[in-house]
């Protein structure tokens, strides 16, 4: 244990000179327990030295639960509250002071347990003041009416307690012996040694070296470190290592044992640590060596014997130096503002930045079940599989065939001493650099083979795991309840509990395998409502919006009327397995060679017929191949956002139950009504009033509207018997290996995707588009004229997008797209007769604010999920975003917008 | 949207007195959902017809009082693209009671002697949505003495594959008092449409009883009529039928489980539900389980049985559907339970494909008729969540035996028992899966039949009892 742990020497010692203030040193994160009789000045002391929020007073808790801070029968409830608050504070890493008498061991016991449970040190500050003084002060307090016997009993209990405090588990005990001492004492908060949040990197984090000196030098040189040999002592050379500008090495422990040159490794690392060019955390092998050097009785197994033999010729001074060095190593470091944690065997979230024996044990050995496997190695619990924290954890200890990310953690011990590689992780680049071992220096107890599934499994060759939790298995806790998702485009997005509940149902009952759901498209808002007669939407509003926000150019794309389809296309089933962890049959009886998914905007399989889905994917993959995009994008999978036509292929039920039904009802009912009205109007010539004629005219218009409505939906329907009847219009190449294509503008997307249509015009439809300059009226008029022509022919309309995929305006992120739908198309949305003036006027009252806010949040989430996938984040981190989009879609926003 | 009532009674123009509407003028009436117009296409002494034309305002329906953008009960009512303006529906009933109110309640100021008289009437509805088709239409009106003509309409003649719409132009002919005709229309038009534009509450029972007086109790379709008129509110249906049919008949709504659907309908003759529950309970007893969680508890039938059995000290139910859980809470009367039994029961939303700490720590988990609702690709996730992570000592899984489907009379060959079933297994398939799962997760499993054993096809349902090794 590196941190100061010895009980304070002041315990029970003679009082210091009154004028010299007592310095009370406490760890910056600890549970400070004030111990003293009533009226001994604890609260005054606490007020002087701690924030009001740091102090939990039993009196205040009594008042909280009973409105009376002296109510003794509220004591039980008050302490329950106090303990609950203390637990929350400690879990959040906040120093906490308990202001209660705490004179009884049974009052202190739960506090010590609480501190232990949260891996913080309990610190006692004892107010050992003369009883008479307390009695005197108590009498002066009008609110205290308990008798003198109470304080007497407390003072007695306190004195009985004094000697046992260290034994109760208080790692530091400070005793204040007089009112003067209490009044002048100074509290000094000491930074924990593991807390180096002030160091921002960049770092080169190096895995277990185990005496592999040559490989270490090669690795350092590969990383750009200058390594020079200097004259050392005792015929041993010394080493001078110069890091590249601003960088710092971090050693993850286990510098020694098993390998050929442990002393040289120490000789290289120790000066770096002393010079501050390296940080070193302690490993279990280092620690065992320290104990051996300190004269303890330890077994000379697991390579320690080799180290001792190598140390044999060294001077006692060097051995002393080594012992001191290891003794001074800390269990782990929290670096870079809390974003990075390094430790030998890993570090659970709740232990990070804390320093107790259990934390140190975890750092040294990880978490074991206490069982031993058939190779004589401890059975490990896979803490990384459950890791959910934001801080990246880099660790070693367990040799793995290759370093892999598991839930924002990575094991970089690639078994150099066993003939593997010595690996470093460059931070913040997250780049792995490794050099091969020159040979096998030490035979592993069990073979170094990866046995588990791909994509982030915690393959563990040096110890067996408990029944492996599939790292791709999602946890209800990942998505249920209120969630906040941090996005890089648009701050954090909050998902409310009821939205999560709705999404959970949809996700687990209807959606496809989450491993395939890497993106859900955002909703899209229309432009401001047009004031032009007879129209609800017109491109002028969308163009004006982007111009107002200061954009120079936008892209107008034709909006195809089909169904939204997101495709993840893998070149081969092997890619599906490797990249997405999904097993897909290699040989498909229908000749499908690609793999992936085609899903709807809510994550359902687009095609119920999986053979058809496979055929579509295979066809798309073939086009990507012929267009040369695999090579150009250096990828073997890609994700496309597209429109799949005809509308009737997916919307069959909607069409029949709603659209065709309304058309059928209207076209069956209206002629009958017209007949009746015509008869009545004819009678009116014989003297009845003219009301029938007016009604007749009105119903004639309604019939015309109904016919137009039927014509509108019919345009988007054609029978589909096979793949040959489908049309796919991709409009956004969302992502491929290593890249989310947000940096490419929409013209690139349009042109790249048009190449698919060029090689397979049967399936693909290139989307017509225009780049519009917002400074140029003619350019805008041209776009408007284009829209008019398109919609006159029955087209759905256009989508206006900023030229760049991500565009920001005066108040932040801009709408990624705005749709401008045609007059006839909108009959499908607003009903056959929406163009009648009295309806249209009311429909103009529509509010876009909610829709727009939703579109931004969903866009940010969608892109965030893709970024995370591309960066190799674990499934739950990607799923969180996709789930978020689905959850937000449960928001009650006018579905016609 | 159009109802014409014609008569050849002499003088036919007496119809105007019966309806209290002057044949000489077009008259319009404001209604909550739009307007109603009454006019007379014909008005001669030989033949007179009165047309009631509804002018339903679809925008008003969506934006009207109360109905938010997603509000309203029937989903179609939330849409602007809506058949309501063109069809005869509960809106027609409202219009009948407000525009033809006197005639509907059997009053005529000018021709009181005609009110009770049977007159020749012909009523035409354009168009009438008939859920249940022409057959149901006829079964509703023919027992009441109507001659029925129905002309169907295709959904879209350009897409013949889409088939017929549910809309019919219907003509009803009968010699009857006008009030009876209107009463029949008032009750039966919404029944055919099977969708109501307003919330169905207790007073609907009163309306049904008032307008059904004298004919509904004798109608062969009375149960269906009551059920649909009251929009499937089983509690109300029970109340109405009980008051309608006064003799002591078996509770007609016992068969009316909200969630049961087609699966229960298929399996009901076997009493399979009860047998399954008994088998599961017996297996739980045999395993000595005290703390039991029912995964996919639906509306909580098994949970209730578990609660009623003191052998089970702690009972939990999980389901993915918040609606099912709400029903379960109702069924179990959770609030009342809280006082006495609350400590014993937990209900929560969750799913079998996400690992969930909340399902850990139980002696036994039951997964009754649930796995067949999962996407087969997600079975592995389910297996890991339950057998790999939660690892209760006992797991009981039941699922249909697809072989037995051939024995269900009403189930077309090749169809699953429930439309939401993603798969149904043969005995061999289930057994193979069960043994694989057991082997992978150190469990042993015994597969047992539930229900009558068919010598060739086995039992209707199969159960695997897994024990942790």
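Would you mind stating whether residue B:424 is modelled with pLDDT of 90 or more, surrounded by fewer than 20 Cβ atoms within 10 Å (Cβ to Cβ) and out of contact with any strand residue (DSSP E or B) (no Cβ under 9 Å at 6 or more places or on another chain)?
No, not satisfied.
Take the residues of region A:470-498 that are facing chain B (nearest Cβ under 7 Å) and part of a loop (DSSP other than H, G, I, E, B): which is nearest to the chain's Cα centre (by Cα)?
Here the answer is A:474.
Take the conditions farther than 26 Å from residue A:72 by Cα, buried (at least 17 other Cβ atoms within 10 Å of the Cβ) and touching a residue at least 12 places away in the same chain (Cβ under 8 Å) and apply them to residue A:120. Does it pass? Walk me through it before giving the result.
Values: farther than 26 Å from residue A:72 by Cα: yes; buried (at least 17 other Cβ atoms within 10 Å of the Cβ): yes; touching a residue at least 12 places away in the same chain (Cβ under 8 Å): yes.
Taking the combined requirement at face value, the residue satisfies it.
If you check B:359, B:396, which single one turns out to be under 25 Å from residue A:514 (Cα atoms) and touching a helix residue (DSSP H, G or I) at 6+ places or on another chain (Cβ under 8 Å)?
On the way: B:396 fails: under 25 Å from residue A:514 (Cα atoms).
Of B:359, B:396, the one residue that is under 25 Å from residue A:514 (Cα atoms) and touching a helix residue (DSSP H, G or I) at 6+ places or on another chain (Cβ under 8 Å) is B:359.
Within region A:306-333, track down each residue that is assigned to a loop (DSSP other than H, G, I, E, B) and more than 13 Å from residue A:287 (Cα to Cα).
The answer is A:312, A:313, A:314, A:315.
Being surrounded by fewer than 23 Cβ atoms within 10 Å (Cβ to Cβ), on the phi < 0 side of the Ramachandran plot, facing chain A (nearest Cβ under 9 Å) and modelled with pLDDT under 90 narrows it down to one residue among B:64, B:68; which is it?
On the way: B:64 fails: facing chain A (nearest Cβ under 9 Å).
It is B:68.
Only one of A:77, A:73 is in contact with a helix residue (DSSP H, G or I) (Cβ under 6 Å, 6 or more places away or on another chain) and part of a helix (DSSP H, G or I). Can you tell me which?
Of the residues listed, the single one that is in contact with a helix residue (DSSP H, G or I) (Cβ under 6 Å, 6 or more places away or on another chain) and part of a helix (DSSP H, G or I) is A:77.
Going residue by residue through region A:563-574, is there one that turns out to be over 34 Å from the mean Cα position of the chain (by Cα), farther than 22 Å from residue B:379 by Cβ and not assigned by TED's automatic domain parsing to the domain that holds residue A:859?
No, every residue in region A:563-574 fails to be over 34 Å from the mean Cα position of the chain (by Cα), farther than 22 Å from residue B:379 by Cβ and not assigned by TED's automatic domain parsing to the domain that holds residue A:859.
Where in region A:117-180 are there helices (runs of 4 or more DSSP H), lying fully within it, with 3 or more residues that are in contact with a strand residue (DSSP E or B) (Cβ under 9 Å, 6 or more places away or on another chain)?
Result: A:148-161, A:165-168.
For region A:36-52, which residues satisfy the criterion of being outside any loop (DSSP other than H, G, I, E, B), under 42 Å from the mean Cα position of the chain (by Cα) and under 25 Å from residue A:117 (Cα atoms)?
A:46, A:52
So residue A:795 clears everything in (1) surrounded by fewer than 23 Cβ atoms within 10 Å (Cβ to Cβ); (2) at pLDDT 90 or above; (3) under 42 Å from the mean Cα position of the chain (by Cα); (4) within 19 Å of residue A:770 (Cβ to Cβ) except one condition, right? Which one?
(2)
With the checklist (1) more than 7 Å from every other protein chain (Cβ to nearest Cβ); (2) surrounded by 16 or more Cβ atoms within 10 Å (Cβ to Cβ); (3) touching a residue at least 60 places away in the same chain (Cβ under 8 Å) in hand, flag the one item residue A:723 doesn't pass.
Unmet condition: (2).
Test residue A:330 against the stated conditions and say whether it is without any contact (Cβ under 8 Å) to a residue 12 or more places away in the chain and either buried (at least 22 other Cβ atoms within 10 Å of the Cβ) or within 22 Å of residue A:252 (Cβ to Cβ) (or both). Steps first, please.
On the way: without any contact (Cβ under 8 Å) to a residue 12 or more places away in the chain: no; either buried (at least 22 other Cβ atoms within 10 Å of the Cβ) or within 22 Å of residue A:252 (Cβ to Cβ) (or both): yes.
It is false that residue A:330 is without any contact (Cβ under 8 Å) to a residue 12 or more places away in the chain and either buried (at least 22 other Cβ atoms within 10 Å of the Cβ) or within 22 Å of residue A:252 (Cβ to Cβ) (or both).
Being in contact (Cβ under 8 Å) with a residue 60 or more places away in the chain, buried (at least 21 other Cβ atoms within 10 Å of the Cβ) and either part of a helix (DSSP H, G or I) or within 14 Å of chain B (Cβ to nearest Cβ) (or both), is that true of even one residue in region A:552-564?
The answer is no, given that none of the residues of region A:552-564 is in contact (Cβ under 8 Å) with a residue 60 or more places away in the chain, buried (at least 21 other Cβ atoms within 10 Å of the Cβ) and either part of a helix (DSSP H, G or I) or within 14 Å of chain B (Cβ to nearest Cβ) (or both).
For region B:18-35, which positions are more than 14 Å from every other protein chain (Cβ to nearest Cβ) and crowded, with 19+ Cβ neighbours inside 10 Å?
B:18, B:19, B:33
Test residue B:432 against the stated conditions and say whether it is surrounded by fewer than 22 Cβ atoms within 10 Å (Cβ to Cβ), at pLDDT 85 or above and away from every other protein chain (no Cβ under 14 Å).
yes
In region B:36-53, what residues are in contact with a strand residue (DSSP E or B) (Cβ under 7 Å, 6 or more places away or on another chain) and more than 7 Å from chain A (Cβ to nearest Cβ)?
Correct list: B:36, B:38, B:47, B:48, B:49, B:50, B:52.
Can you work out which of the residues in region A:684-696 that are facing chain B (nearest Cβ under 7 Å) and out of contact with any helix residue (DSSP H, G or I) (no Cβ under 7 Å at 6 or more places or on another chain) is modelled with the highest pLDDT?
Within region A:684-696, the match that is modelled with the highest pLDDT is A:691.
Can you give me the ranges of the helices (runs of 4 or more DSSP H) entirely in region B:299-392 with at least 1 residues that are away from chain A (no Cβ under 13 Å)?
Values: elements: B:301-307, B:322-332, B:334-340, B:379-383.
Correct list: B:301-307, B:322-332, B:334-340.
May I ask you to verify whether residue B:169 is within 14 Å of another protein chain (Cβ to nearest Cβ), in contact with a strand residue (DSSP E or B) (Cβ under 6 Å, 6 or more places away or on another chain) and under 16 Å from residue B:19 (Cβ atoms)?
no
Tell me whether region B:103-119 contains one or more residues that are buried (at least 20 other Cβ atoms within 10 Å of the Cβ), in a helix (DSSP H, G or I) and assigned by TED's automatic domain parsing to the domain that holds residue B:29.
Within region B:103-119, one or more residues are buried (at least 20 other Cβ atoms within 10 Å of the Cβ), in a helix (DSSP H, G or I) and assigned by TED's automatic domain parsing to the domain that holds residue B:29.
Within region A:613-623, identify whether any single residue is in the same structural domain as residue A:759 (by TED's automatic domain parsing), closer than 25 Å to residue A:875 by Cβ, touching a helix residue (DSSP H, G or I) at 6+ places or on another chain (Cβ under 6 Å) and crowded, with 22+ Cβ neighbours inside 10 Å, and answer yes or no.
Scanning region A:613-623, I find no residue that is in the same structural domain as residue A:759 (by TED's automatic domain parsing), closer than 25 Å to residue A:875 by Cβ, touching a helix residue (DSSP H, G or I) at 6+ places or on another chain (Cβ under 6 Å) and crowded, with 22+ Cβ neighbours inside 10 Å, so the answer is no.
Can you give me the ranges of the helices (runs of 4 or more DSSP H) entirely in region A:766-880 with at least 2 residues that are farther than 29 Å from residue A:519 by Cβ, within 14 Å of chain B (Cβ to nearest Cβ) and in contact with a helix residue (DSSP H, G or I) (Cβ under 8 Å, 6 or more places away or on another chain)? Give the derivation first.
Details: elements: A:777-792, A:826-830, A:837-843, A:849-870.
Those helices (runs of 4 or more DSSP H) span A:826-830, A:837-843.
Conditions (1) touching a residue at least 40 places away in the same chain (Cβ under 8 Å); (2) surrounded by fewer than 22 Cβ atoms within 10 Å (Cβ to Cβ); (3) closer than 19 Å to residue B:87 by Cα, marked per residue:
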| position | (1), (2), (3) |
| --- | --- |
| B:122 | yes, yes, yes |
| B:127 | yes, no, yes |
| B:140 | yes, no, yes |
| B:161 | no, yes, no |
| B:179 | yes, yes, no |
| B:206 | no, yes, no |
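The values are calculated or read from the model by the stated rules, or taken from the named source; none is laboratory data. On a predicted model such as this, the values are computed, not experimentally measured, just so you know. Note that each Cβ is placed from the backbone with ideal geometry, even for glycine, and that neighbours are counted across all protein chains shown.
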